[in-house]
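Just so it is clear, none of the values below were taken in a lab; they were calculated from the coordinates. Note that the structure is a prediction, hence the values are computed from the model and not measured. As a convention, Cβ positions derive from the backbone with ideal geometry for all residues, glycine included, and neighbour counts pool all protein chains shown.
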Ligand SMILES: Cc1ncc(C[n+]2csc(CCOP(=O)(O)OP(=O)(O)O)c2C)c(N)n1
Ligand SMILES: [Mg+2]
């Protein structure tokens, strides 16, 4: 596989960070396009939620994290894993359910994970990540660590009980957590306006006497600046916050949804005109980065994505005996024996007594 040495590209060092961010945004877009093709070819099982259109908020927010901060997200998480530095090979292998996937092939698209990079998942239950992130922030306080947790959620999670409970505890206990609400205007097919009485979602923070802020989620630099400021306050002053980033997902809710039943083609086209990738590329060009340099980095990324698909295809599935590894406490075997029909403990008779046969 040919790759291009990006270090040889003529890049002004003052735009180096932006250049790196753009590379990651482009990687996410191309990676997810490849994932969709593989899903449609039935090489990826389960669900597959793409984030095309949301790359600026994903990359901007992750760029604001320190190396030892912790990240927790919902299920639309391919971009978050890639932005946090999980190699494309490991993410694609996870989608394929292979042994060298970042969750050892046991998680799949919604449950990406890389604890070595402070990425604690990838959670499939809407709002399920909120108490987990809040508890992680409490553990940081207990250990006296100057670190913060960034917890991503969608607009569809802000009416869950777990949201209110988590925000309340974060405020009462002064926990170092920033709740990043990605408002992409829809939760599956339900618009924010139909689901939320207060559609300015950042204002919910006020109910908990917490700072709340809204940014243009398609403006990479605006997201990074706001996330950086709120995360620094969380780390140093233990002030939790809500950051709402307004953006748009171009594709359907999942690969199985065409995404047209609840919104018009015109709306999608209108939003695509503000594509964060185009905006960021234009920003780089305006700051003197030559178009050829950007074309070269795009070619390099495309090769990386292609290589990740080959890697996932070649990788083996996890061994069957390892499928439940990490899910249960050591010593749980006895409990499994008890759950099996015909078990040595005789519970099968208890479970089925008075059941089907009578
Ligand atoms: C507790 C729970 N209820 C329902 C679902 C089904 N479900 C999956 S995604 C989703 C919508 C979430 O929308 P949002 O939070 O806006 O995230 P987005 O899909 O826009 O990223 C729903 C209802 C679920 N996974 N968990
Ligand atoms: Mg949404």
What distance in nm separates the simple spin-label points at residue 264 and residue 36, each placed 7 Å from Cα in the Cβ direction? 2.2
With each run of n ≥ 4 DSSP H residues scored as -39500 (n - 2.57), what mean residue ellipticity at 222 nm is computed for the chain after dividing by its residue count and rounding to the nearest 500 deg cm²/dmol? -13000 deg cm²/dmol
Highest-MSF residue in the chain out of 57, 255, 172 [GNM, Cα springs under 10 Å]: 172
Remind me, relative contact order of the stretch 14-86 in percent, using alpha carbon pairs under 8 angstrom and six or more residues apart? 38
Once you order the gyration tensor axes a ≥ b ≥ c over the Cα atoms, which shape class does the stretch 1-142 get: rounded for a/c under 1.5, otherwise prolate or oblate by comparing a/b with b/c? oblate
Note on the stretch 181-283: contact order normalised by length, alpha-carbon pairs under 8 Å, 6 or more apart, percent, works out to 33
The simple spin-label model distance between residue 17 and residue 286, using points 7 Å out along Cα→Cβ, in nm, is 1.8
What percent antiparallel are the DSSP beta bridges of the chain, to the nearest 5? 10
Against the longest alpha carbon principal axis of the chain, how many degrees, from 0 to 90 and to the nearest 10, is the axis of helix 161-173 turned? 70
Place the peptides 304-310, 178-184 in order of packing, highest mean first, counting for every residue the other Cβ atoms within 10 Å and averaging per peptide. 178-184, 304-310
Rounded to the nearest 10, the angle in degrees between the Cα long axis of helix 16-40 and the longest principal axis of the Cα atoms of the chain comes to 50
Stretch gain in nm, segment residue 146-residue 117, where the contour uses 0.36 nm per residue and the Cα spacing is subtracted: 8.8 nm
Which angle from 0 to 90°, rounded to the nearest 10, does the C-alpha axis of helix 276-286 make with the longest principal axis of the chain? 30
Over every pair of different alpha-carbon atoms in the stretch 6-322, take the mean of 1/r and invert it; report that Kirkwood radius in Å. 19.8
May I ask you to order 263-275, 25-37 by the average number of other C-beta atoms within 10 Å around their residues, highest value first? 25-37, 263-275
Taking neighbour counts of Cβ atoms within 10 Å as a proxy for exposure, in what order, fewest first, do 188, 92 appear? 188, 92
Contact order relative to length of the stretch 6-322, as percent, for alpha carbon pairs under 8 angstrom and 6 or more apart: 25
